[in-house]
1. Evaluate segment 71-81: report whether one residue or more is touching a strand residue (DSSP E or B) at 6+ places or on another chain (Cβ under 7 Å) and either within 17 Å of GLY183 (Cβ to Cβ) or not acidic (Asp, Glu) (or both).
2. Counting just the residues of segment 128-150 that are in contact (Cβ under 8 Å) with a residue 12 or more places away in the chain and out of contact with any Leu (no Cβ under 8 Å at 6 or more places or on another chain), which one comes out most open to solvent (accessible area, probe 1.4 Å)?
3. Residue check: is GLU37 modelled with pLDDT of 75 or more, acidic (Asp, Glu), within 30 Å of LYS179 (Cα to Cα) and under 14 Å from the mean Cα position of the chain (by Cα)?
4. Taking the criterion of being among the basic types (Lys, Arg), in contact (Cβ under 8 Å) with a residue 40 or more places away in the chain and over 16 Å from GLU66 (Cα atoms), would at least one residue in segment 164-183 satisfy it?
5. How many of the residues in segment 59-87 are among the hydroxyl-bearing types (Ser, Thr, Tyr) and open to solvent by 20 Å² or more (accessible area, probe 1.4 Å)?
6. If VAL152 meets every condition in (1) closer than 15 Å to THR43 by Cα; (2) within 16 Å of the chain's Cα centre (by Cα) apart from one, which number is that one?
Amino acid sequence: MTLILRCFATTLLALSLSLAPASSKAGPDAHAVGLIENMLADTHKTISSRGANQLPGTISPYFAWEVWTRFLTKPRQKQFSGPQMRQIRQLMPGYIAYLYVDRFAGGLTDIPVVTGTRPARRDVAVFTQFQRSNGKTLPVGWRVKSFRDGQVRIVDILVGGVSFMLQTREEFVAIVDNKGPDGLIAYLQRKSL
């Protein structure tokens, strides 16, 4: 009889756990937050233990590089050859790593923390706080998209509420207008880790 009661109690416990309401960490917000927390932890570890030059490989799995490349070159995309587009795509992780170190990592003492989320169209904006050694904080948002294949990736960075993608696209258009596609590739090569 005790064996039957134990089996019944175990079954009841398992059933109650499976029917428990989902935690607040369930759903797209949880996936987005997890992605950002992992990326920030990996980035911090890489910079502090292996050096910033290793950062492109560290951040690469967290970003939707095809989205970045397509969006940043879209206004002048017809001017680029296939090989030039592939080269830009290959340079994007190094370029974003360079900007991360240049704009965010200076004086960074701890791993940045997630402070909240909100819907951003069909995506999720994850907000973080970068604590500086001088006591100041830098708020940075990360727009995260869930793709059809189940992957979640970063598709934009928000600094001061301003889209990095929009600002950078304007900069890229100006470079292409003045120096052509090869000028943009040269710029990305100079600004890459």
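The values are calculated or read from the model by the stated rules, or taken from the named source; none is laboratory data. Quick caveat, the model's predicted, so the values are computed rather than measured. Neighbour counts are summed over all protein chains in view; Cβ atoms, including those assigned to glycine, are modelled from backbone coordinates with ideal geometry. All accessible areas refer to the heavy atoms of the entire protein, side chains included, with ligands and DNA or RNA removed. Shrake-Rupley method; radii C 1.70, N 1.55, O 1.52, S 1.80 Å.
1. Taking segment 71-81 as the starting set, the residues that turn out to be touching a strand residue (DSSP E or B) at 6+ places or on another chain (Cβ under 7 Å) are none.
Taking every residue of segment 71-81 in turn, none turns out to be touching a strand residue (DSSP E or B) at 6+ places or on another chain (Cβ under 7 Å) and either within 17 Å of GLY183 (Cβ to Cβ) or not acidic (Asp, Glu) (or both).
2. Selected residue: ASN134.
3. Values: modelled with pLDDT of 75 or more: yes; acidic (Asp, Glu): yes; within 30 Å of LYS179 (Cα to Cα): no; under 14 Å from the mean Cα position of the chain (by Cα): yes.
Taking the combined requirement at face value, the residue does not satisfy it.
4. Start the filter on segment 164-183 by keeping residues that are among the basic types (Lys, Arg), which leaves 169, 179.
Of the ones still in play, those that are also in contact (Cβ under 8 Å) with a residue 40 or more places away in the chain are 169.
Next cut, over 16 Å from GLU66 (Cα atoms) only: none.
Within segment 164-183 (the criterion being among the basic types (Lys, Arg), in contact (Cβ under 8 Å) with a residue 40 or more places away in the chain and over 16 Å from GLU66 (Cα atoms)), the answer is no, since none of the residues qualifies.
5. If we filter segment 59-87 for residues that are among the hydroxyl-bearing types (Ser, Thr, Tyr), which is where we start, we get 60, 62, 69, 73, 81.
Those left that are additionally open to solvent by 20 Å² or more (accessible area, probe 1.4 Å): 60, 62, 81.
Going through segment 59-87 one residue at a time, the tally reaches 3.
6. Result: VAL152 passes all but (1).
Table: residues versus (1) among the hydrophobic types (A, V, I, L, M, F, W, C); (2) under 16 Å from VAL159 (Cβ atoms).
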| residue | (1), (2) |
| --- | --- |
| ASP110 | no, no |
| THR115 | no, yes |
| PRO119 | no, no |
| VAL126 | yes, yes |
| LYS136 | no, yes |
| TRP142 | yes, yes |
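So that you can scan it fast, the table gives a plain yes or no per residue for (1) over 25 Å from GLN129 (Cβ atoms); (2) in contact with an Asp or Glu (Cβ under 8 Å, 6 or more places away or on another chain); (3) not small (Gly, Ala, Ser):
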residue: ASN38; (1), (2), (3): no, no, yes
residue: GLN77; (1), (2), (3): yes, no, yes
residue: GLY82; (1), (2), (3): yes, no, no
residue: ARG89; (1), (2), (3): yes, yes, yes
